[in-house]
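Derivation of every value follows stated rules applied to the coordinates shown; laboratory data play no part. As the structure is a prediction and not an experimental result, all values here were calculated from the model. Don't worry about glycine lacking a Cβ; one is built from the backbone with ideal geometry, like all the others, and counts go over all protein chains shown.
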Amino acid sequence: GNSVTQMEGPVTLSEEAFLTINCTYTATGYPSLFWYVQYPGEGLQLLLKATKADDKGSNKGFEATYRKETTSFHLEKGSVQVSDSAVYFCALANSGAGSYQLTFGKGTKLSVIP
Amino acid sequence: GAVVSQHPSWVICKSGTSVKIECRSLDFQATTMFWYRQFPKQSLMLMATSNEGSKATYEQGVEKDKFLINHASLTLSTLTVTSAHPEDSSFYICSARDPRQGGSTEAFFGQGTRLTVV
């Protein structure tokens, strides 16, 4: 079955530091990969996505590249801000079978301090 | 993007009572909605797929008689936790796809409901 493994937090960084949150996956076929973000007190929001190998998703300074050879989709940001403090979830979906169900990682809590 | 609203955001109930959580798609019609449960420091686990006008599809290990799902309209799905017990305390989140986006696998999430059973 499908599974997503992401680095456990919490992660605490100073403002303007470089961020990497690792994510690897196991899936059949060619899944789509996502990063969702959950700000305090809010629901999940899509941060970025990639639908095929070597695609790079990017949004708000965050980037992640779909690496099929290493089955990875690591999230990176060159300079984090306090407003980036949130929980980040890596997820995949296999749409080929007509199912749009998402499989999530456990989430990584990021705290950015001034 | 599409908006999914979940209500209430948090609820405290006594053991043995039932609690209803609503999930609404505000600006699109959703034939399918998904209900997830999140334990502390754990991933979101899919509980069931809610289908408008038909019975929900439950994941293995989820008690259908305990977690009643009703999807009576294209914009509303409800999850009722019946005879709640402290071990049902958790964070429940719903999501839906916007069919206007064709084959996109992006899902839109409600803000979640924190259930505490005392």
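Considering the stretch A:53-96, and only residues there that are under 16 Å from A:Phe18 (Cβ atoms) and of a type in the set (A, V, I, L, M, F, W, C), the residue that is surrounded by the most Cβ atoms within 10 Å (Cβ to Cβ) turns out to be A:Ala64. Given the criteria over 14 Å from the mean Cα position of the chain (by Cα), more than 14 Å from chain A (Cβ to nearest Cβ) and on the phi > 0 side of the Ramachandran plot, does B:Gly61 qualify? The answer is no for B:Gly61. For the stretch B:26-69, the tally of residues that are among the hydroxyl-bearing types (Ser, Thr, Tyr), touching a His at 6+ places or on another chain (Cβ under 9 Å) and touching a residue at least 24 places away in the same chain (Cβ under 8 Å) stands at 3. For the subset of the stretch B:8-35 comprising residues that are within 12 Å of another protein chain (Cβ to nearest Cβ) and assigned to a strand (DSSP E or B), which member is surrounded by the fewest Cβ atoms within 10 Å (Cβ to Cβ)? Out of the qualifying residues, it is B:Trp10.
Residues of the stretch A:11-39 that are within 11 Å of another protein chain (Cβ to nearest Cβ) and in a loop (DSSP other than H, G, I, E, B): A:Pro31, A:Tyr39.
Take the stretch A:8-28 and flag every residue that is under 15 Å from A:Ala91 (Cα atoms) and surrounded by fewer than 18 Cβ atoms within 10 Å (Cβ to Cβ). Of everything in the stretch A:8-28, those that are under 15 Å from A:Ala91 (Cα atoms) and surrounded by fewer than 18 Cβ atoms within 10 Å (Cβ to Cβ) turn out to be A:Glu8, A:Asn22, A:Thr24, A:Thr26, A:Ala27, A:Thr28.
Selection of the stretch A:63-80 for residues being touching an Asp or Glu at 6+ places or on another chain (Cβ under 6 Å) and more than 28 Å from B:Ala96 (Cβ to Cβ) yields A:Glu76, A:Ser79.
Output yes when any residue across the stretch A:80-87 is over 23 Å from B:Glu59 (Cα atoms), within 12 Å of another protein chain (Cβ to nearest Cβ) and in contact with a Ser or Thr (Cβ under 8 Å, 6 or more places away or on another chain), and no when none is. Scanning the stretch A:80-87 turns up at least one residue that is over 23 Å from B:Glu59 (Cα atoms), within 12 Å of another protein chain (Cβ to nearest Cβ) and in contact with a Ser or Thr (Cβ under 8 Å, 6 or more places away or on another chain).
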